[in-house]
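So the structure is just underneath, and the comments pick up after that.
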Amino acid sequence: MTTESKPQAYPDSFFVGAYWGARRESPEACARRAAVFLELLAACDPLLAHWYKSIRSRKGTQKLSLMPPDVSVLTDLFRRGVNREGRGPVIEELGLRVVFLNGGAASDDARLSIKCGAFDDPSPNNCLLSLPFEGPTAERVLTPSSLEAVMRGMVAAWEPEWIAAMSEHHRELDDPDNRTNARVGWVTYFSKQRGTVPPLPAPVRIEPVEDKGTLIVLTPERFTVANPEHVALARRVRELLTRAGLIKTR
């Protein structure tokens, strides 16, 4: 094993992140997209079928259940998620932010963070789903089929430019200085606007997502940075995608 492919000292974690550029949208529009996504998430796995938002009130912090999703409730949450400096005016160009939790135990904990409606912000709009990394639930959820279902839901709801499903340690190896406009995860998606995915070496699998884009699955088994063959394959795929123009230096 090379030094580069060794995991870091701190515990690893796993996320699925969808990203898209400037898109001005109202709280209602963001809520409609979120409602679609929550419904699709619930169909992916029981872990993802329960979501709530912590709400502060005079009675203290309460848990507002979000399932089944109600567009009017979600709209109110997005309205509360505006950006502002102190008590100053709303900074509309920075969009709206909300965070939802699933209320699971430590080994079954999932978190959903959404930023949408931004139209003049250096950081992109995004939908980030954090998933358990270890334990029986992680073994069930961190599979190509489950991750593909989550990512197809992201495509249907958010219409992102790209998506990556990967561990934090893998993210640091893939693009440690955040110099490019996409990451290559265990499972990756590129919209057709990014370009055409070129032929990729085995065991990489390529799957269309309707007429919207393409999914890329690096390995059928769970990707790990402790496996130098996995790391080498990811680098080779990143190189080919860069040559094809799907990944560019910022």
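Values quoted throughout were computed directly from the atomic coordinates according to the rules given, and no laboratory measurement underlies them. Note that this is a predicted model, so its numbers are computed, not measured. Because the Cβ atoms are built from the backbone with ideal geometry, glycine has one as well, and the counts that use them run over all protein chains shown.
Computed quantities for the displayed model
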item	result
Some residue of segment 229-238 being over 30 Å from Ala34 (Cβ atoms), assigned to a loop (DSSP other than H, G, I, E, B) and free of Cβ contacts under 8 Å to residues at least 40 places away in the same chain	no
Members of segment 201-217 that are outside any strand (DSSP E or B), free of Cβ contacts under 8 Å to residues at least 40 places away in the same chain and surrounded by 11 or more Cβ atoms within 10 Å (Cβ to Cβ)	Pro203, Val204
Any hit, segment 142-156, residues being touching a residue at least 24 places away in the same chain (Cβ under 8 Å) and either at positive phi or aromatic (Phe, Trp, Tyr) (or both)	no
Residue match in segment 118-131 (condition: touching a Cys at 6+ places or on another chain (Cβ under 6 Å) and surrounded by 15 or more Cβ atoms within 10 Å (Cβ to Cβ))	yes
From Arg152, Arg97, residue being more than 21 Å from Trp186 (Cα to Cα) and basic (Lys, Arg)	Arg97
